[in-house]
Every structure is written in C-alpha cells, then in structure tokens.
C-alpha cells in the first residue's frame, strides 16, 4: 500500500511514470467507447447544430490536450473531423498500480475556433483490489480537468465542487453545476458491493 500511495502522490503532481498502454483516435464518426458507458455519455451534436454552436468562450482544445497529456494521453496527432461533423478528439490510458489498474479516458468536441463545445472525461476501476487507489486517482484526474481555463471560469470553485461531490455520485443520481459559461455534470457507477467503479465528468457550453 505504501508503494500505491507513493504512486498516487506522483500522479497528483503530474509526474507519474508507470507501465501502461495508450490509444488515441481522430475518427469523429466512430469515437472510442467511453470507459464509463453505463453513465451518461457526451451529448451528440448533429452537423446542423454544430454550424450554429460555438464553444465555451475562451476555452481551447489545445489547453485540454496539454492537460490530459500530463496523465499520459498524448493526442497531438488528432485531426479535425470530416466536413459537416463536429471536431472530435478521443484517447485513453491505463495506469497499472501495484494494487489495481485504473483506466482514464476523454472525448472532446470543439467548434471551428477550437473552443470546447462539450467534453467527457472518465475514470474506471478494474474491480480488482484497492478501491481506495482508484478513488484517489479519479479525484486527482477529474479535479484537475475541472480547472480547464475559459473566460468566465473559477478554477478553484470547479475543482472543489468535484472533490465535494465525487464521493456521493457513485450509483446515485448525477449532479450538475453551472460556473460562468460552462455546465459541469458529475456521475458515477458502483459495483455490486457498493464500491465506486467508474466516474464521468462532463463539461459543456451553457445555453
């Protein structure tokens, strides 16, 4: 357990190095399945809606990509989707801790100015040993994601909201909050024994 806690500490300062596998995709029509498929997924956006929609003012896809790269999801090679469909980027990463494995993933949709329209960020437990390690990793990842910058952001409030609510949503109803021009929704699932098994943080432009 000391080794697991040491690795979690490293992850929280974004310097963790672990044996893992990474995958990325730039195919907008067939994004990789969410690691938390049983929770709500990123809202689908039709081509006609995308033409009318703009992302969260002051948010930029590159900021998110640089952030998730700190967790091993380096997706710089992703390209925009074909004409008439949203720009979408996806990637996932498995972290192999001594006591358990945690899968992190993301899927984001951007407008023509590379501003975030909506994003889905997941953490999934392998249901083998050390649920505490999983919960700490999920809190670290999703708390960090909540600090995405945009014109009307309040990063400290957003991160604290995730930390305050993540322990209550597993197997319960999702919770949402609006901070400036962005809506944050947090949901989760629980295993048969009641232990948290997955979490999903969604961020989208407010209407």
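The values are calculated or read from the model by the stated rules, or taken from the named source; none is laboratory data. Keep in mind the model is a prediction, meaning the values are calculated, not measured. Note: ideal-geometry Cβ built from the backbone for every residue, glycine included; neighbour counts use all protein chains shown.
Scan the stretch 149-172 for residues that are without any contact (Cβ under 8 Å) to a residue 12 or more places away in the chain and out of contact with any helix residue (DSSP H, G or I) (no Cβ under 9 Å at 6 or more places or on another chain) and jot them down.
155, 156, 164, 168
Please go through the stretch 185-195 and give me each residue that is surrounded by 14 or more Cβ atoms within 10 Å (Cβ to Cβ) and either closer than 21 Å to residue 62 by Cβ or more than 12 Å from the chain's Cα centre (by Cα) (or both), ordered by number.
Correct list: 188, 189, 190, 191, 195.
Quick one: how many residues across the stretch 153-184 are at pLDDT 95 or above, assigned to a strand (DSSP E or B) and surrounded by 18 or more Cβ atoms within 10 Å (Cβ to Cβ)?
So the answer is 3.
Name every residue in the stretch 185-199 that is part of a strand (DSSP E or B) and within 12 Å of residue 171 (Cα to Cα), in order of residue number.
Hits for the stretch 185-199 are 186, 187, 188, 189, 190, 196, 197, 198, 199.
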